[in-house]
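The values are calculated or read from the model by the stated rules, or taken from the named source; none is laboratory data. Here the structure is a predicted model, which is why all the values come from computation and not from measurement. Neighbour counts run over all protein chains shown; Cβ positions are idealised from the backbone, glycine included. Protein only, heavy atoms only, side chains kept; ligands, DNA and RNA dropped before computing areas. Shrake-Rupley method; radii C 1.70, N 1.55, O 1.52, S 1.80 Å.
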Amino acid sequence: MVITTAEFISSSPNISSCPQLRLPEFAFIGRSNVGKSSLINMLTNRKGLAKVSQTPGKTRLINHFKINSTWYLVDLPGYGFARIPKTEKLKLEKLIYSYFLKRTNLEHTFLLVDSRLDPQSNDVTFMTWLELHHIKFSLLFTKSDKLSKTRLEKNMNHYHQILTEFKPNPGEIIPTSIVSHSGKEKILQTIDHFLSTTPVQ
Ligand code: GDP
């Protein structure tokens, strides 16, 4: 797929203000500072579509972008902030979980994890929750340019092992990099695949 148009639609503080469920959507989520905004900009070929934040955890809204007039790319709030008050954290968790439970037009989720880090407990908790609720996701291994090939493979195997513990079919782990653009084609192919198999509403 080639992304020809990427249009900002809305920033929603809650599910009821999200756009109507007319188009299939693909969600991107991960711990704050994982590289989500950079990845969205890379995928859409737009430098400033998603805001690359100076302050980790700045984005606390659900951002919808309409792509090629046919699907929504959804930039979900980052989770796992170290520096926000507990009440705020709980509010965000509730927003994220209700997004997944209520957006019936959600086709697929891309969960971003930092390829350099060992599996973090909140990532594992979140993956377990998604699996428990039968929400399909692919794992994106961000900032892969920062690692040697050997180290990258080692870390991917580690995640693969964790996924096989609770996923009957662990699926693919896609290494990504905004420097080399690796992963871009694979992600767009995955989206294409889902779009081509989605029944017309
Ligand atoms: P977000 O908080 O998840 O949206 O993360 P950002 O997109 O703001 O990225 C956080 C930091 O990581 C920024 O300084 C980015 O330039 C950097 N970054 C993101 N992706 C990559 C990548 O693939 N490679 C490298 N080397 N740096 C990256």
(request) With runs of 4+ DSSP H residues as the only contributors, calculate the mean residue ellipticity of the chain at 222 nm using -39,500 (n - 2.57) per run, divided by the residue total and rounded to the nearest 500. (result) -11000 deg cm²/dmol
(request) Pop out the ³J(HN,Hα) list for segment 109-116 in order, Karplus 6.51 cos²θ - 1.76 cosθ + 1.60 with θ = phi - 60°, rounded to Hz; leave Gly and Pro as x. (result) 10, 10, 9, 9, 10, 6, 4, 7
(request) Rank these by accessible area, largest first, 1.4 Å probe: R31, R83. (result) R83, R31
(message) For N33, what residues show an amide H to amide H distance below 5 Å, using hydrogens built from the backbone and excluding near sequence neighbours?
(response) G57
(request) Just the number, please: percent antiparallel of the DSSP beta bridges in the chain, rounded to the nearest 5. (result) 35
(message) Given the C-alpha atoms of the chain, compute the convex hull and give its volume per residue in Å³.
(response) 118
(request) Convert each backbone phi in segment 32-39 into a coupling constant with the Karplus relation 6.51 cos²θ - 1.76 cosθ + 1.60 (shift: θ = phi - 60°), then list the ³J(HN,Hα) values in order as whole Hz, x for Gly and Pro. (result) 4, 6, 6, x, 5, 5, 4, 5
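Which entries of K36/K89; K47/K184; K51/K136; K154/K186; K66/K186 have Cα-Cα distances beyond 23 Å here? Write out the running numbers ahead of the final one.
Details: K36/K89 19 Å; K47/K184 15 Å; K51/K136 26 Å; K154/K186 21 Å; K66/K186 20 Å.
Beyond 23 Å between Cα atoms: K51/K136.
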(request) Compare L39, L112, L61 in a GNM of the chain, Cα atoms joined below 10 Å, and give the one with the largest fluctuation. (result) L61
(request) Mind checking which aspartates and glutamates have their Cα closer than 14 Å to the Cα of K146? Skip sequence neighbours fewer than 8 apart in that chain. (result) D114
(message) Rolling a 1.4 angstrom probe over the protein chains, ignoring ligands and nucleic acids, what is the accessible area of S11 in square angstrom, nearest 10?
(response) 50
(request) Using the Karplus curve 6.51 cos²θ - 1.76 cosθ + 1.60 with θ = phi - 60°, work out ³J(HN,Hα) for each residue of segment 87-99 in order, rounded to whole Hz, and write x for Gly and Pro. (result) 4, 5, 4, 5, 4, 5, 4, 4, 4, 5, 5, 5, 4
(message) List the residues, sorted by chain then number, that are 5 or more residues from G78 or on another chain and whose placed amide H is less than 5 Å from its amide H.
(response) T59
(request) Note down the net charge around V113, summing +1 for each Lys or Arg and -1 for each Asp or Glu among other residues with Cβ under 13 Å from its Cβ. (result) +1
(message) Sorting check: for 13-25, 97-109, which peptide has the highest mean count of neighbouring beta carbons within 10 Å, and how do the rest follow?
(response) 97-109, 13-25
